[in-house]
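Asks: Quick one: the structure is below, questions incoming.
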Amino acid sequence: MKEVSAGNKLLRALPKPPSGSTGWPWDEEAGPEIYKGKDYFPKISIITPSYNQGKYIEQTIRSVLLQNYPNMEYIIIDGGSSDNSPEIIKKYSRWIKYFVSEKDKGQSDAINKGLLKCEGEIFNWINSDDYYNKDCFKTIAENFSSKDTDIAAGKNRMFFINENKVKTVGVNLMNTLEETIALSAVSQPATFYRLNVFKNLGGLDERLEFVMDQDLWIKYLFKYGQDKIKILNKELTNFRVHTESKTSQNDFIEEYYSIFYSISQKTGMTGHSAVLKKIYGEGIQRDFDFSFDFTKEKIRLAKKVINSLVYFNARKAYTGKDMELLKDCLSVLDKKYLNEEQKSYTLNLKIKLKLIKYKLKPVLNLINSRNKKADF
């Protein structure tokens, strides 16, 4: 491993930033001295898929390179941009392991092409309009020191440039694996995988346009569980939300729940499928096939997952006073695949639904009052 020198000022060697650009990662770098005293640097592989993001990609590139991480490879797969993206990328070619600009089939295809070039231990991709925080790679390397870590997931700062709004999101692991799969989405930019584990999942599903990261996260959880996921209470990345951003909320929701619809179909839960379609809309891709080999054990887990998702929606329907949806959810919930807390609350909901049906509102109000809940 090469010696880390405090005099190794990468900032001086890189192309000058655009006029007026200051702060990280324009005229600041992660000082190489932050890595002193470390005796091992796991190789980090980063891919940037890019297409016509010349306005932002230089910030992305510099946020990778100016980590000053001693053992890193950076790969950029551009989809044949017609703006100045290739010109910007070429300025930094000396520090980039591999770069190509050619037409591809979309973001997932670009990342999968880049994966063929990756040789590291730790992997992530960052889109060409996002950027890493200053000491991101140091934090990630430290948290992969144990072989018991497959994934390290930090926090992602989302900033809405047209609304002057910022929020921070991260991954939440639930009490049970089935609840994590059903209810916990991944925050991709701040979630780093052990590369061999990522490759073992088969790469990204190129049929998906918006939630390929969520699809892979769900596959990981089904295959490996959640015991080797490390949650970090630290912001690692910055995710730019702007008018040219690819994903709209509606597109995300429809494609995301297509995954769960497919799981319910593949594991024989046709009643649950119908309820999911009612909840999440006709936009669900009913022909999408969640690509996973369900063993008998995994089918049981899948049934717990789908029942947890419907259970969550039953509670939401009750709170939102949507009795028709509540009735639909309760009609398919299977207590064999609910935990004790879910069973108990489902029974409560069934009792409350009957009280409402038979116009016994005073009794229901008394129950809610004793449970310190709002009057229905």
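Asks: So SER264 fits all but one of (1) assigned by TED's automatic domain parsing to the domain that holds LYS316; (2) touching a Gly at 6+ places or on another chain (Cβ under 8 Å); (3) modelled with pLDDT of 90 or more; what number is the exception?
Replies: Result: SER264 fails condition (2) only.
Asks: Follow-up question, since we're still on this one. Look at the stretch 229-243 and say how many of its residues are under 16 Å from ASN124 (Cβ atoms) and either in contact with a helix residue (DSSP H, G or I) (Cβ under 9 Å, 6 or more places away or on another chain) or at pLDDT below 95 (or both). Step through it out loud before you land on a result.
Replies: In the first step, residues of the stretch 229-243 are kept if they are under 16 Å from ASN124 (Cβ atoms); the result is 229-232, 234-239.
Applying the additional criterion that residues be either in contact with a helix residue (DSSP H, G or I) (Cβ under 9 Å, 6 or more places away or on another chain) or at pLDDT below 95 (or both) yields 229-230, 232, 234-239.
Total satisfying the criteria: 9.
Asks: Sticking with this one: Counting only residues that are under 19 Å from the mean Cα position of the chain (by Cα) and among the hydroxyl-bearing types (Ser, Thr, Tyr), which one in the stretch 120-147 is farthest from THR48 (Cα to Cα)? Write out each step before concluding.
Replies: First, the residues of the stretch 120-147 that are under 19 Å from the mean Cα position of the chain (by Cα): 122-133, 136-137, 139-140, 143-144.
Restricting the remaining residues to those that are among the hydroxyl-bearing types (Ser, Thr, Tyr) gives 128, 131-132, 139.
Working: SER128: 6, TYR131: 10, TYR132: 12, THR139: 20 Å.
Taking the candidates together, the pick is THR139.
Asks: Would you check which residues across the stretch 23-49 are within 16 Å of TRP95 (Cβ to Cβ), under 28 Å from the mean Cα position of the chain (by Cα) and not in a loop (DSSP other than H, G, I, E, B) and list them?
Replies: ILE44, SER45, ILE46, ILE47, THR48
Asks: Another question, then. Inside the stretch 253-284, can you point out the residues that are touching a residue at least 60 places away in the same chain (Cβ under 8 Å) and under 23 Å from GLU206 (Cα atoms)?
Replies: Residues satisfying the conditions are TYR256, PHE260.
Asks: Which residue is farthest from SER262 (Cα to Cα), if the candidates are limited to the stretch 305-329 and must be surrounded by fewer than 19 Cβ atoms within 10 Å (Cβ to Cβ) and touching a residue at least 12 places away in the same chain (Cβ under 8 Å)?
Replies: The qualifying residue farthest from SER262 (Cα to Cα) is LYS321.
Asks: Quick check on my filter: what residues within the stretch 288-300 are loosely packed, with under 10 Cβ neighbours inside 10 Å and farther than 15 Å from TYR224 by Cα?
Replies: Listed by number, the list holds a single entry, LYS296.
Asks: While we're looking at this one, here's another question. Do you know which residues across the stretch 146-158 are surrounded by fewer than 20 Cβ atoms within 10 Å (Cβ to Cβ) and part of a loop (DSSP other than H, G, I, E, B)?
Replies: Result: SER146, LYS147, ASP148, THR149.
Asks: Would you check if there is a residue in the stretch 132-145 being charged (D, E, K, R), surrounded by fewer than 22 Cβ atoms within 10 Å (Cβ to Cβ), part of a loop (DSSP other than H, G, I, E, B) and on the phi < 0 side of the Ramachandran plot?
Replies: yes
Asks: Among residues belonging to the stretch 80-112 that are crowded, with 20+ Cβ neighbours inside 10 Å and out of contact with any Phe, Trp or Tyr (no Cβ under 7 Å at 6 or more places or on another chain), point out the one that is nearest to ASN68 (Cα to Cα). Explain how you work it out, then say what you get.
Replies: So in the stretch 80-112, the residues crowded, with 20+ Cβ neighbours inside 10 Å come out as 85, 88-89, 104, 107-108, 110-112.
So of that shortlist, the ones also out of contact with any Phe, Trp or Tyr (no Cβ under 7 Å at 6 or more places or on another chain) come out as 85, 88, 104, 107-108, 110, 112.
On the way: SER85: 23, ILE88: 20, ASP104: 31, GLN107: 27, SER108: 28, ALA110: 25, ASN112: 26 Å.
Across the stretch 80-112, the extreme among qualifying residues is ILE88.
Asks: Here is a further query. Scan the stretch 112-131 residue by residue and report those that are hydrophobic (A, V, I, L, M, F, W, C) and assigned to a loop (DSSP other than H, G, I, E, B).
Replies: Once the filter is applied, which keeps residues that are hydrophobic (A, V, I, L, M, F, W, C) and assigned to a loop (DSSP other than H, G, I, E, B), the stretch 112-131 yields LEU116, CYS118, ILE126.
Asks: Same structure again: Tally the residues that are surrounded by 14 or more Cβ atoms within 10 Å (Cβ to Cβ), part of a strand (DSSP E or B) and among the charged types (D, E, K, R), restricting the search to the stretch 159-200.
Replies: Final tally of qualifying residues: 1.
Asks: Does LYS219 satisfy the criteria of being of a type in the set (D, E, K, R), closer than 28 Å to LEU10 by Cα and modelled with pLDDT of 95 or more?
Replies: Taking the combined requirement at face value, the residue does not satisfy it.
The values are calculated or read from the model by the stated rules, or taken from the named source; none is laboratory data. Everything quoted here is computed from the prediction, not taken from an experiment. With ideal geometry, Cβ positions are generated from the backbone for all residues, glycine too; neighbour counts draw on all protein chains shown.
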